[in-house]
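A.B. asks: So that we are looking at the same thing, I have put the structure below in structure tokens.
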Amino acid sequence: MIDKKGAGSLLKSKLGLQVLSLILSMTVVVSVLYYLDKRAVHAHWSQDMHATVVDKKVRITQFFHEISSDVIAIVSDDSFRAQIDQHNYQPVIDRFKALLHTKMVYAQICFIDMAGMERVRVEMDGREAKVVQDAALQNKSVHDYVYYTNRLKDGSLWISAIDLNIENGVVEQPLRPMLRFSAPVFNAQGERLGLLVINYPMGDVLDEFDRSSNTKAGHLYLLNEQGFLLAGGDPATRWGHLLGHNDTMSTLEPKTWLELNQNLLLNRRAFEFDENHFVVDVLDPRDFVKQLLGYDHVPLQVASAERTWIIMDRVSEDEMYAEVTERLNMMLLFCLLVGGLLIRVLYRWHRLKIASDAAREQSQKLAQVIEQTSDIVFLTDLQGRIEYVNAAFTDVTGFTRDQVLLKKPGIFKSGRHSDDFYQNMWREISEGHTFREMFINVRSDDSLYYEEKTISPLFDSANNIIGYASIGKDITDSKVMRMAFYDQLTGLVNRALLLDRLEHKMGYAKRNRSMIALLYMDLDGFKAINDTYGHNIGDEALIEFARRVKALMRSSDTLARIGGDEFVVLLRDITEENVASFVAAKIISVISQPWNLSGHDCYLGVSIGVTYYTDQEMEPIDLLQEGDVAMYMAKRNGKNCFYNYDRNSRS
């Protein structure tokens, strides 16, 4: 028998082990919770910063389409050219005033002759368009936008740098940021007459960078390609190239500027540097305007004073993890209090069983967390054969456990990743490293989904790899994905996602010897509604058009908006060509019904180009262009009808 002294020693020994185990467990738990908390906070900040950068990019360019279209429309108008050529400026003044009253956001519109002298200038004064008298007109020949625009071809467009407004050679006070869109003007004989310029004020847009920096979305900056600060940051360091102090990020933060450019060269839009987290994006105004105008309406040349603008959001680790640190301190205090209490409780033998039961319950909860989490989880053996999947896996992918157990994850491949991608993944995880990437996989119904996935090796007690754990999140319908792949007005698929789906469905049709149909639609009469009732009513018409067409479609079909009033329907698994013709006729019938838009009775039609795909050797863009050609044939045949594309007539 163990004597009392021996029992006391045994108790102290067991108690010491229990206390040590408790301290280690708490350390691990706190460390894991701290790590998970930091990871979740980092992901949240990154998502918000990405969304903020995308929002500012959209905000900067939201009027680019209107301004570009207005400039090209005016300089392409034969009557305008004739009026300028004949120095008949009164109709020009009337047109400029009407445009400014319609587009209240424009600051100024003017015509400048070949000598750089303003001949007609109308500017907004409050809510009124004011004609500048001849005596107040200025010579703008020293400005670079005059020089470069006068060297562009007919139909081309020049986009200036974002700079400060200068009147009579002096920077206007208070500072007034401005962006200019200009185009050369020619007469009927092709002789240069001068240039048309529309000034768009950027003050409100740039002020939003300061307002956004006061939220939990980091600190926003807008830089030009030389690193001069246009918005955000210290106001005293802005506009260095125009105000003479020459402060740039390359002089104020040379290492950060170097790191930023290196990441942009590597096409990395998020990175960590010097205990700061950065999210950046670049905007090329030339490419952006071309995309907005659509490939059928792109000018001969879109040129700009600056190749890119850089939108940067940054936050220091101290700011990002401030709340995490507070929670850590609270956890440590909590652990100290709980630990002290448990140490006292451990002096009592009957608590040993309670502690054991609590540990078992905790283990069950952890297992339930894995099973009930919304993240996609599956485990494989060392050869990659699937041994376990959770409920979220079956919900997202559509595969049952029986369909995937002992199978390899290759059954989820969509064909969108190269062999090098998978070879790199296996090399990383087989060497004991964690692999993180976005995967484009297929569900059981052959549809695509996007997954942010982390694959980690599993180790035994001897530190040998015994399998792999995959944890992923379905981001197909996330905010960032929707902003990137869906039209913000109608909520429909945009051109980028349409081409992606089209490529996938063409591959599916070729493999399964099935047929798909593409209906390319353009609204008839939409411009008249826009011009008569304004863009708000026009937007309402686009939304109503999308609603009417979507009501006619199957859940497996795709409806996309690819341009201003251009839409595409993608029909999958059709048995014969007259199915698409029936759908086209039904759409025309529904759209021809009377419209009531905010109390206005309107009538619209739709011209539809129809084309088909089975197993031809062609790219998705080629099929889209066939639909476009057929649509224009429908318009040529009188509009509000459909036309089937004939490949034989094009060969």
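A.B. asks: Which residues, counting only those in segment 530-551, are β-branched (Val, Ile, Thr) and open to solvent by 10 Å² or more (accessible area, probe 1.4 Å)?
C.D. replies: The answer is Thr532, Ile537, Ile543.
A.B. asks: Oh, and also: Inspect all residues belonging to segment 198-212 and state whether any of them is among the aliphatic types (A, V, I, L, M), in contact with a Cys (Cβ under 6 Å, 6 or more places away or on another chain) and modelled with pLDDT of 95 or more.
C.D. replies: So far as segment 198-212 goes, no, none of its residues is among the aliphatic types (A, V, I, L, M), in contact with a Cys (Cβ under 6 Å, 6 or more places away or on another chain) and modelled with pLDDT of 95 or more.
A.B. asks: Residues that are part of a strand (DSSP E or B), of a type in the set (Asp, Glu) and modelled with pLDDT under 80: does segment 456-479 have at least one?
C.D. replies: For segment 456-479, residues part of a strand (DSSP E or B), of a type in the set (Asp, Glu) and modelled with pLDDT under 80: absent.
A.B. asks: Residue check: is Gly599 on the phi > 0 side of the Ramachandran plot and open to solvent by 40 Å² or more (accessible area, probe 1.4 Å)?
C.D. replies: Criteria met by Gly599.
A.B. asks: Take the residues in segment 270-288 that are over 14 Å from Gly218 (Cβ atoms) and in contact (Cβ under 8 Å) with a residue 60 or more places away in the chain, then tell me which one is farthest from the chain's Cα centre (by Cα).
C.D. replies: Arg286
Here's the yes/no breakdown for (1) open to solvent by less than 40 Å² (accessible area, probe 1.4 Å); (2) of a type outside the set (Gly, Ala, Ser); (3) under 23 Å from Phe278 (Cβ atoms):
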site: Tyr34; (1), (2), (3): no, yes, no
site: Asp48; (1), (2), (3): no, yes, yes
site: Thr61; (1), (2), (3): yes, yes, yes
site: Ile67; (1), (2), (3): yes, yes, no
site: Ala73; (1), (2), (3): no, no, no
site: Asp77; (1), (2), (3): no, yes, no
site: Val92; (1), (2), (3): yes, yes, no
site: Arg95; (1), (2), (3): no, yes, no
site: Ala107; (1), (2), (3): yes, no, no
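A.B. asks: Take residues that are closer than 24 Å to Phe485 by Cβ and at pLDDT 90 or above and tell me which of the strands (runs of 3 or more DSSP E) falling wholly in segment 545-651 contain 2 or more.
C.D. replies: Those strands (runs of 3 or more DSSP E) span 558-561, 566-574, 605-613.
A.B. asks: Anything in segment 176-190 that is in contact (Cβ under 8 Å) with a residue 60 or more places away in the chain and loosely packed, with under 15 Cβ neighbours inside 10 Å? List them, or say none.
C.D. replies: Residues satisfying the conditions are Asn187, Ala188.
A.B. asks: Here are Ser31, Ser46, Ser76: which of them is among the polar types (S, T, N, Q), out of contact with any helix residue (DSSP H, G or I) (no Cβ under 8 Å at 6 or more places or on another chain) and closer than 30 Å to Met312 by Cα?
C.D. replies: Of the residues listed, the single one that is among the polar types (S, T, N, Q), out of contact with any helix residue (DSSP H, G or I) (no Cβ under 8 Å at 6 or more places or on another chain) and closer than 30 Å to Met312 by Cα is Ser46.
A.B. asks: Continuing with this model, one more query. So for segment 129-137 (the condition being modelled with pLDDT of 95 or more, more than 35 Å from the chain's Cα centre (by Cα), among the β-branched types (Val, Ile, Thr) and open to solvent by 40 Å² or more (accessible area, probe 1.4 Å)), does at least one residue qualify?
C.D. replies: yes
A.B. asks: What single numbered condition from (1) over 25 Å from the mean Cα position of the chain (by Cα); (2) open to solvent by 10 Å² or more (accessible area, probe 1.4 Å) fails to hold for Pro201?
C.D. replies: That leaves (1) as the condition not met.
A.B. asks: Another one. Quickly run through segment 234-282 and pick out the residues that are closer than 30 Å to Asn165 by Cα, of a type in the set (S, T, N, Q) and open to solvent by 30 Å² or more (accessible area, probe 1.4 Å).
C.D. replies: Asn246, Ser250, Thr251, Asn261, listed by residue number.
A.B. asks: From the list Arg443, Arg427, pick out the single residue that is at pLDDT 85 or above, within 19 Å of Lys505 (Cβ to Cβ) and more than 20 Å from the chain's Cα centre (by Cα).
C.D. replies: Arg443
A.B. asks: Something else about it: Spot the failing condition for Lys153; the list is (1) open to solvent by less than 60 Å² (accessible area, probe 1.4 Å); (2) under 21 Å from Ala305 (Cβ atoms), and only one is missed.
C.D. replies: (1)
A.B. asks: So which residues in segment 572-626 are touching a residue at least 12 places away in the same chain (Cβ under 8 Å) and of a type in the set (Phe, Trp, Tyr)?
C.D. replies: Trp595, Tyr603, Tyr612, Tyr613
A.B. asks: Next up: Of all residues being free of Cβ contacts under 8 Å to residues at least 40 places away in the same chain and buried (at least 16 other Cβ atoms within 10 Å of the Cβ) in segment 483-521, which is nearest to Glu566 (Cα to Cα)? Just the residue, please.
C.D. replies: Applying the filter and picking the extreme gives Tyr486.
A.B. asks: Sticking with this one: Among the residues that make up segment 305-323, is at least one of them out of contact with any Phe, Trp or Tyr (no Cβ under 9 Å at 6 or more places or on another chain), part of a helix (DSSP H, G or I), modelled with pLDDT under 80 and more than 30 Å from Tyr147 (Cα to Cα)?
C.D. replies: Scanning segment 305-323 turns up no residue that is out of contact with any Phe, Trp or Tyr (no Cβ under 9 Å at 6 or more places or on another chain), part of a helix (DSSP H, G or I), modelled with pLDDT under 80 and more than 30 Å from Tyr147 (Cα to Cα).
A.B. asks: Which of the numbered conditions does Val583 fail, given that it passes all the others? Conditions: (1) closer than 22 Å to Phe526 by Cβ; (2) open to solvent by 40 Å² or more (accessible area, probe 1.4 Å).
C.D. replies: So Val583 meets the others, but not (2).
A.B. asks: To continue, here is another question. Among the residues in segment 260-282, are any in contact with a His (Cβ under 6 Å, 6 or more places away or on another chain) and under 20 Å from Ala51 (Cβ atoms)?
C.D. replies: Yes, some residue in segment 260-282 is in contact with a His (Cβ under 6 Å, 6 or more places away or on another chain) and under 20 Å from Ala51 (Cβ atoms).
A.B. asks: Counting only residues that are open to solvent by 40 Å² or more (accessible area, probe 1.4 Å) and hydrophobic (A, V, I, L, M, F, W, C), which one in segment 286-304 is modelled with the lowest pLDDT?
C.D. replies: If we take residues in segment 286-304 being open to solvent by 40 Å² or more (accessible area, probe 1.4 Å) and hydrophobic (A, V, I, L, M, F, W, C), then Val298 is modelled with the lowest pLDDT.
A.B. asks: Would you check if there is a residue in segment 517-537 being outside any loop (DSSP other than H, G, I, E, B), of a type outside the set (A, V, I, L, M) and over 30 Å from Lys639 (Cβ atoms)?
C.D. replies: No, segment 517-537 has no match at all.
A.B. asks: Based on this model, can you work out whether Asp144 counts as open to solvent by 60 Å² or more (accessible area, probe 1.4 Å), within 13 Å of Leu242 (Cβ to Cβ) and in contact (Cβ under 8 Å) with a residue 12 or more places away in the chain?
C.D. replies: The answer is yes for Asp144.
A.B. asks: Going through segment 408-445 one residue at a time, which ones are of a type in the set (Gly, Ala, Ser), open to solvent by 60 Å² or more (accessible area, probe 1.4 Å) and more than 26 Å from Asp500 (Cβ to Cβ)?
C.D. replies: Ser430
A.B. asks: Mind listing just one residue for me: the one in segment 125-173 that is of a type in the set (Lys, Arg) and assigned to a loop (DSSP other than H, G, I, E, B) and, of those, farthest from Val302 (Cα to Cα)?
C.D. replies: Looking at residues that are of a type in the set (Lys, Arg) and assigned to a loop (DSSP other than H, G, I, E, B), I get Arg127.
A.B. asks: One residue is enough: does segment 386-407 have a residue meeting the conditions open to solvent by 60 Å² or more (accessible area, probe 1.4 Å), under 32 Å from the mean Cα position of the chain (by Cα) and closer than 15 Å to Leu448 by Cα?
C.D. replies: Looking for residues that are open to solvent by 60 Å² or more (accessible area, probe 1.4 Å), under 32 Å from the mean Cα position of the chain (by Cα) and closer than 15 Å to Leu448 by Cα, one finds at least one in segment 386-407, hence yes.
A.B. asks: Given the conditions (1) modelled with pLDDT of 85 or more; (2) of a type outside the set (Phe, Trp, Tyr); (3) closer than 25 Å to Tyr221 by Cα, report the number of the one that His65 does not fulfil.
C.D. replies: Of everything listed in (1) modelled with pLDDT of 85 or more; (2) of a type outside the set (Phe, Trp, Tyr); (3) closer than 25 Å to Tyr221 by Cα, His65 misses just condition (1).
The values are calculated or read from the model by the stated rules, or taken from the named source; none is laboratory data. Quantities reported herein were computed from a predicted structural model and do not represent experimental measurements. Note that we place each Cβ from the backbone using ideal geometry, even for glycine, and neighbour counts take in every protein chain shown. Surface accessibility is based on the protein's heavy atoms, side chains included, excluding ligands, DNA and RNA. Shrake-Rupley method; radii C 1.70, N 1.55, O 1.52, S 1.80 Å.
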